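First the structure, in the form of structure tokens, and then the observations on it.
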Amino acid sequence: MQSVLVPMLLAGIAIYALCKGVDVFPTFLRGAQNGLQTAVSILPTMVGMLTVVYMLRASGAIDLAAELLAPVFHLLGIPEECGALTLLKPVSGGGGLALGSEIMQRCGPDSYAGRVAAVMLGASETSLYTISVYAGHIGLRGTRYAVPAALCADFTAFTVSALFVRLLFPI
């Protein structure tokens, strides 16, 4: 049943469009062209963000910042192993996923740090990356309140992740 769901959905959309008098193929081509133009327009922003993430990881700057912020993370209940994750996840989903995987390999998926990392990965967004891609696509120069609001949301997600893991999985 599941294997035919997508083809049936596409066929249904095509039949509906034909009944409404829409020329399906040229409409599809226009949509594909717009999608390609969007991909080309955000490519420089994506390359820039990926370069920054790679440089931060390779230089050890993320790990150093996590070490410096370790006392603050401790006060918030965030395990030391998850410090770098809290700094990298808002910038890079792939980088965050890689760090989460490292934490789970090093500490174990059922450890406190592994559970907190898993919840953090699911509860937070790649805020700075998303804002930069959208702002770059539409040519927006100032993000005004978007960046502080997004970082506050990520901070809340990270802190509450550690809290709920402590509450639901007592050590």
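The values are calculated or read from the model by the stated rules, or taken from the named source; none is laboratory data. Since we're looking at a predicted model, the values are computed, not measured. Virtual Cβ from ideal backbone geometry, glycine too; neighbours counted across all protein chains shown. These accessible areas exclude ligands, DNA and RNA; they are computed on the full protein's heavy atoms, side chains included. Shrake-Rupley method; radii C 1.70, N 1.55, O 1.52, S 1.80 Å.
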*Degrees, to the nearest 10: 93-107 long Cα axis against longest axis of the chain*: 40 degrees
*Shape of the stretch 1-43 from its Cα gyration tensor (a ≥ b ≥ c, root eigenvalues): rounded if a/c is under 1.5, otherwise prolate when a/b > b/c, or oblate?*
oblate
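Order SER59, SER111, most accessible first, counting only protein heavy atoms with a 1.4 angstrom probe. Kindly include the intermediate steps, with their values, before the conclusion.
Values: SER59 85, SER111 30 Å².
The ranking, largest first, comes out as SER59, SER111.
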*Distance from the Cα centre of the stretch 65-89 to that of the stretch 1-30, in angstrom?*
49 Å
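Considering only the other residues whose Cβ falls under 12 Å of the Cβ of LEU128, what net charge follows from Lys and Arg at +1 and Asp and Glu at -1?
Numbers: positive: LYS89; negative: GLU125, ASP154.
It works out to a net charge of -1.
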*Working from Cα positions, state the angle (0 to 90°, nearest 10) between the long axis of helix 2-19 and the longest principal axis of the chain.*
40 degrees
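What net charge is computed for the residues neighbouring SER92, neighbours being all others with C-beta under 15 Å from the C-beta of SER92, Lys and Arg scored +1, Asp and Glu -1?
Working: positive: ARG57, LYS89; negative: ASP63, GLU102, GLU125, ASP154.
My count for the surroundings of SER92 gives -2.
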*Using the alpha-carbon atoms, what tilt in degrees (0 to 90, nearest 10) does helix 24-59 show relative to the longest principal axis of the chain?*
20 degrees
*Can you give the FRET efficiency for SER3 and TYR54, using 1/(1 + (r/R0)^6), R0 = 45 Å, r = Cβ-Cβ distance, to the nearest 0.05?*
0.70
_For the chain, the fraction of alpha-carbon pairs in successive 5 Å shells from zero, as %_ = 1, 8, 13, 15, 14, 10, 10, 10, 8, 5, 4, 2, 0
*At a Förster distance of 30 Å, what's the computed FRET efficiency of ARG141 paired with LEU97, Cβ-Cβ distance as r, to 0.05?*
0.50
